[in-house]
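First the structure, in the form of structure tokens, and then the observations on it.
The values are calculated or read from the model by the stated rules, or taken from the named source; none is laboratory data. Every value quoted in this text rests on a predicted model; they were computed, and no experiment measured them. Reconstructed Cβ throughout: ideal geometry from the backbone, glycine too, with neighbour counts over all protein chains shown.
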Amino acid sequence: MENLNNLIEVLFNCNDTSIDSLIIKSKKLEISKDILIKFNISFDEEKEGIRIDLSRQSIKIYKNKIDCIREFNGNIEQSIIVLDDKISFINLENNTNIFFENLIYSYKIRKLLIEKKFVSYHEEFGKKFILLSETKPKIEISYKGKDLEFYNGRYDLKNIYNKLDTKLEENEYISFFRDNFIQQAENISNFDNRFLNTLKVINIIYEKSNREFELYKSKFSLEEFKSTLEEEKTKYFKTLQDTLSDFFSKINSLPIQFGVYAYLIFKFEKDIIPLFIISSIIIIWSIFSVYTMHYMKLGVEHLNIKFKLIFKKISKKEIFDNASLKLDKDAVDDRVKQINGLIFWYQFVTVLVTIGFICLAIYLIYNSSSTIEI
């Protein structure tokens, strides 16, 4: 960097007599030929002194910032020098000069927007592009302008470029960014500087686009969540309804079951062994029925817990109607209470009737044994 500063000092103080922006002529440079040779600066020796053609040098040398802006083509492989301001660019990693940052990243952002299909039509010869939107009017954005004020300002273009390089890959984001870009650009009357002046508020455009895009994604995710929730709710209600239907079928079979018990007991009231067998069957079947009901109750409770977890999760989302949620929750609670209540009474009646039949069977067995003894 020190050596490059030496070159800058030599060229800055050479008393250039050329009015051509790409030519330096100086008698004074004759004593600094060794420095020019050291930096591979090609030159011609003429009567008027040393003549340097800036267009064919290994280092990009410009007399002033305007020349640099006008001639810059995005190439940052070569070092850049601006003589009037005594500034230089070596590489992106070590650059701290705001002029070069704005120069390079305004170019890179423009190129990025074209590559990512942000631009609807690009007219390279006219140095402008057209933006089309479904919600905004068509607008032409020119980048002809060489507004020096822009290049000396601070807009954090490097950071925005790095973010946009990733963000523009996301589906639908480009539409939001384009709409907000148009909204800012249409307020700028200076056509030639429309692109540069819009870049001055690129941070605002980026942040606003992000907010709108995140809101859009949340809304899309919400609709998907609601749809899934509705499917789950329908599934749980159907499961509860199936459980209730199965339970009612068991209740309807109870009179027949008890009738069969009574018929068998009285049919074999005088036969001890059949009565023992019938009593054993009654006990085993009753235990099985009570266990089945207990298993059904556990299944209902499991469904109820899962549904409560869903309600707890969605109640935290303010976008849901709490009144509607409460109706659904109350409906599930009522259905669960109804099923649990019926299961309790089914088990109670089954146990009670079973005890009654067993007592009757014992009584008949006792009478039969007494009769045999007599």
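Miscellaneous remarks
- Flag for Phe176 being among the aromatic types (Phe, Trp, Tyr), under 23 Å from Lys138 (Cα atoms) and exposed (fewer than 14 other Cβ atoms within 10 Å of the Cβ): no
- Given (1) touching a residue at least 40 places away in the same chain (Cβ under 8 Å); (2) in contact with a His (Cβ under 9 Å, 6 or more places away or on another chain), index of the condition Phe129 fails: (1)
- Residues in region 92-112 that are in contact (Cβ under 8 Å) with a residue 40 or more places away in the chain and aliphatic (A, V, I, L, M): Ile98, Leu103, Ile109, Leu112.
- With respect to the stated conditions, Tyr206 is surrounded by 18 or more Cβ atoms within 10 Å (Cβ to Cβ) and among the aromatic types (Phe, Trp, Tyr).
- Any chance Ile87 is surrounded by 13 or more Cβ atoms within 10 Å (Cβ to Cβ) and either touching a Ser or Thr at 6+ places or on another chain (Cβ under 6 Å) or closer than 30 Å to Leu168 by Cβ (or both): no
- Meets criteria (surrounded by fewer than 16 Cβ atoms within 10 Å (Cβ to Cβ) and among the basic types (Lys, Arg)) for Lys47: yes
- Tally of residues being closer than 21 Å to Tyr105 by Cα and not aromatic (Phe, Trp, Tyr) across region 36-85: 22
- Helices (runs of 4 or more DSSP H) contained in region 103-203 and holding at least 3 residues more than 23 Å from the chain's Cα centre (by Cα): 148-151, 173-185, 194-199
- Condition check for Asp67: outside the structural domain of Asp165 (by TED's automatic domain parsing), touching a strand residue (DSSP E or B) at 6+ places or on another chain (Cβ under 9 Å) and either exposed (fewer than 15 other Cβ atoms within 10 Å of the Cβ) or touching a residue at least 60 places away in the same chain (Cβ under 8 Å) (or both): no
- Verdict on Phe150 being in contact with a helix residue (DSSP H, G or I) (Cβ under 7 Å, 6 or more places away or on another chain), modelled with pLDDT of 90 or more and under 17 Å from Tyr216 (Cβ atoms): no
- All positions within region 180-212 that are within 19 Å of Tyr107 (Cα to Cα) and hydroxyl-bearing (Ser, Thr, Tyr): Thr198, Tyr206
- Residue within region 24-36 that is hydrophobic (A, V, I, L, M, F, W, C), in contact with a Cys (Cβ under 8 Å, 6 or more places away or on another chain) and surrounded by 15 or more Cβ atoms within 10 Å (Cβ to Cβ) present: yes
- Flag if Lys111 is modelled with pLDDT of 90 or more, out of contact with any His (no Cβ under 6 Å at 6 or more places or on another chain), over 22 Å from Asp20 (Cβ atoms) and in the same structural domain as Ser175 (by TED's automatic domain parsing): yes
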